[in-house]
Amino acid sequence: MKDFYRENHREYFERTFNIDPSTFLSSLAAKLSPGSFILDVGCGSGRDLLWLKNHGFPVMGFERSPELAELARKSAGCDVLEGDFTSYDFSSIMADAVILIGALVHIPHADFAAVLRNTSAALKNKGLMLITVKEGTGIAESADGRIFYLFQDHDLQVIFTSLGFQLLDFSRNESKMGTGEIWLQYLLKKER
């Protein structure tokens, strides 16, 4: 699984780039001032970067797969840092918002809070964070061998509160890939 996004970057790009992200990015965009700087952690194909850029926001991506990072740079026309977001030092970035759209789905339950704390270091005080994860319990393995860690709303809200986030908006949405999976979406505000 650790090399899936490197080995399958072109296929992943083609499957995800043309999905309309407005249903999950509009709530964030509506709460931000014009010109707010947004960091997209786990930016994948660059789809969300391009949407946000086209809506007037300065953006920067962050991606572990060098191949996907290059595709995102080309498709969105913006900077994309490369690295492992579980250990990267985000504290010097100072974004008005950080988005993690599906980026946390491969993070083990035991590591989730630490990874969220690490990525939120990129946020200014009172900054916003948009997160999507798959709903369920335990783990699930996809046909291509990827392991997905599933979450329940209550458990996530406990983590968010412990990390000093205020919940601004929550929704449950069916996957745009037509898989029938449910995605939990959270818009959070950093309170400390």
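What follows draws every value from the coordinates through simple rules; no lab data is involved. All values derive from a computational prediction rather than experimental measurement. Glycine also receives a Cβ, built like all others from the backbone with ideal geometry; neighbour counts cover every protein chain displayed.
At-a-glance table
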read-out: For the chain, calculated [θ]222 nm from helices alone, where every DSSP H run of n ≥ 4 adds -39500 (n - 2.57); value: -8500 deg cm²/dmol
read-out: If the convex hull is drawn through the Cα atoms of the chain, its volume per residue in Å³; value: 107 Å³
read-out: Nearest-20 debye value, the chain charge dipole, Cβ charges on Lys, Arg, Asp, Glu; value: 560 debye
read-out: DSSP beta bridge pairing in the range 4-190, given as percent antiparallel to the nearest 5; value: 55 percent
read-out: 16 Å tail of the calculated P(r), the range 66-157, as % of Cα pairs; value: 62 percent
